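Undergrad: Could you have a look at this structure, given as structure tokens, before my questions?
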Amino acid sequence: MQTDGIKIFAGSSGLPFARGMCRALGTQLGQGDVRKFSDGNLFVRVGESVRGQDVYLVLPIALNPNDEFTELLFWMDAFKRASAQSVTAIMPYFGYAKGDKKDEPRVSIRARVCAESIELAGADRLVCLDLHSPQIQGFFKKPVDHIYALPVLAGWIRRQKLHNPVMVSPDLGFLKQTRRFAEDLGFPMAVGEKVRRGHDEKAEVLEIMGEVSGRDCVIVDDFTISGGTLADLARGLKERGARRIIAVLSHCLIRAEGLARIEASPIEMVVTTDSVDNPWSKDHPKFHIVSVAPLFAEAIRRIHDRESVSGLFDTREDPVVQTCLDFGEC
């Protein structure tokens, strides 16, 4: 890849992902420093000159969202004050994207507040992976490049020897995204009916619509936090005669309690990307991680060279997608 002038930096939660991007681009990671003082205050410092350059900061808003969001704002400000020509925020996961609407009285639309803050701090562009709702792009006035994990995850599924497979959506809200997987892979579909009764991250699966008996079921979702929905749906599928059950996720934010749920469930494997550097799932035998860092690296190269990124949405035989699949576990 041609990488002249590309300067990639990493925030505290984005270091492994940024290193993967640099490895794919054949470039060095920019120098920077992040410190957290005993009173909880954060300090960031750019460790080299960026005057007149286009810089790219990798920082998911994920497992420690409040600290990571604050750090992102400080980085944007630091780069602007160091006279960078442009600053692109690369957020493989944008946790506050879940707060995308006012669906009850007296609540904040958190994603919109975050979007405005990031732009005011100095971001000129954003690159994200599988936002919880695509319309969140409209919360930003600056350009947003929305990258999809589907090409890489569908490529992984295509490499497996599945018997009579079916794609399963965990709820009606994710049906459209599941259909994209099903159409790309040529699989039929099933869907679970889920209800969430509160704000405790627990959901109840009420019914499963579609034929799953004797089939290898592939549950597809954008993320998991507690593992509850996946585990409940997997048990429902098994009760209805499913043969094998695999879950495919864009993002994994699971912790110890959620891992216990997955371990006790009929799920054979959870396949996810490296958008979140999650220490709980990284070396777990039921989790397999595929890297989307090369996909982001190619997107940044095309953005930097003012080329179209739409070609990255082609899910078949794209050399970048094949690079992601051959990149090895993170």
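Undergrad: Going residue by residue through the stretch 86-100, is there one that turns out to be touching a Ser or Thr at 6+ places or on another chain (Cβ under 6 Å), of a type outside the set (Asp, Glu) and either under 20 Å from Leu233 (Cβ atoms) or in a loop (DSSP other than H, G, I, E, B) (or both)?
TA: yes
Undergrad: For residues that are touching a Leu at 6+ places or on another chain (Cβ under 9 Å) and either assigned by TED's automatic domain parsing to the domain that holds Thr224 or crowded, with 20+ Cβ neighbours inside 10 Å (or both), scanning just the stretch 123-139, find the one that is nearest to Arg302 (Cα to Cα).
TA: Among those residues, the one meeting the criterion is Leu129.
Undergrad: Take the stretch 221-231 and flag every residue that is in a helix (DSSP H, G or I) and either closer than 16 Å to Glu268 by Cβ or of a type in the set (A, V, I, L, M, F, W, C) (or both). Write out each step before concluding.
TA: Here is the first cut: in the stretch 221-231, the residues in a helix (DSSP H, G or I) are 228-231.
Those that are in a helix (DSSP H, G or I) and either closer than 16 Å to Glu268 by Cβ or of a type in the set (A, V, I, L, M, F, W, C) (or both): Leu230, Ala231.
For every residue, the table says whether it meets (1) within 22 Å of Met167 (Cα to Cα); (2) at pLDDT below 95; (3) in contact with a Pro (Cβ under 8 Å, 6 or more places away or on another chain); (4) not basic (Lys, Arg).
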site: Ile262; (1), (2), (3), (4): yes, no, no, yes
site: Ser265; (1), (2), (3), (4): yes, no, no, yes
site: Glu268; (1), (2), (3), (4): yes, no, no, yes
site: Val271; (1), (2), (3), (4): yes, no, no, yes
site: Ser275; (1), (2), (3), (4): no, no, yes, yes
site: Asp283; (1), (2), (3), (4): no, yes, no, yes
site: Phe287; (1), (2), (3), (4): yes, no, no, yes
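Undergrad: So how many residues does the stretch 254-313 have that are farther than 25 Å from Cys217 by Cα and among the charged types (D, E, K, R)?
TA: 7
Undergrad: Right, here's the next one. For the stretch 114-137, enumerate the residues that are in a helix (DSSP H, G or I) and either modelled with pLDDT of 95 or more or in contact with a strand residue (DSSP E or B) (Cβ under 9 Å, 6 or more places away or on another chain) (or both).
TA: Cys114, Ala115, Glu116, Ser117, Ile118, Glu119, Leu120, Ala121, Pro134, Ile136, Gln137 - these are the residues of the stretch 114-137 that are in a helix (DSSP H, G or I) and either modelled with pLDDT of 95 or more or in contact with a strand residue (DSSP E or B) (Cβ under 9 Å, 6 or more places away or on another chain) (or both).
Undergrad: A follow-up question, please. Got a sec? Which of Leu233, Leu253 is crowded, with 24+ Cβ neighbours inside 10 Å and not assigned by TED's automatic domain parsing to the domain that holds Ser12?
TA: Leu233
Undergrad: Between Val271, Val220, Val248, which is crowded, with 20+ Cβ neighbours inside 10 Å, within 24 Å of Pro294 (Cβ to Cβ) and touching a His at 6+ places or on another chain (Cβ under 7 Å)?
TA: Of Val271, Val220, Val248, the one residue that is crowded, with 20+ Cβ neighbours inside 10 Å, within 24 Å of Pro294 (Cβ to Cβ) and touching a His at 6+ places or on another chain (Cβ under 7 Å) is Val271.
Undergrad: Could you please give the count of residues in the stretch 135-176 that are among the aromatic types (Phe, Trp, Tyr) and within 21 Å of Ala293 (Cα to Cα)?
TA: Total meeting the criteria: 2.
Undergrad: Only one residue in Val276, Val321 is closer than 23 Å to Leu131 by Cβ and part of a helix (DSSP H, G or I). Which one? Quick ask: steps written out before the conclusion?
TA: Working: Val276 fails: part of a helix (DSSP H, G or I).
Going through Val276, Val321 in turn, the sole match is Val321.
Undergrad: For the structure I just gave you, tell me whether Val321 is in contact with a Pro (Cβ under 7 Å, 6 or more places away or on another chain), under 30 Å from Gln53 (Cα atoms) and not acidic (Asp, Glu).
TA: Spelling it out, Val321 is indeed in contact with a Pro (Cβ under 7 Å, 6 or more places away or on another chain), under 30 Å from Gln53 (Cα atoms) and not acidic (Asp, Glu).
Undergrad: Which members of the stretch 22-71 meet the condition of being of a type in the set (Asp, Glu) and assigned to a strand (DSSP E or B)?
TA: Asp33, Asp54
Undergrad: Could you grab the pairs with beta carbons closer than 7 Å, sequence gap of 6+ or different chains, first residue in the stretch 270-296 and farther than 17 Å from Ala18 by Cα, second one of a type in the set (Lys, Arg) and surrounded by fewer than 24 Cβ atoms within 10 Å (Cβ to Cβ)?
TA: Val270/Lys286; Trp280/Arg255
The values are calculated or read from the model by the stated rules, or taken from the named source; none is laboratory data. Predicted model, so just to flag it, every value in this text is computed and none were measured. Note that we place each Cβ from the backbone using ideal geometry, even for glycine, and neighbour counts take in every protein chain shown.
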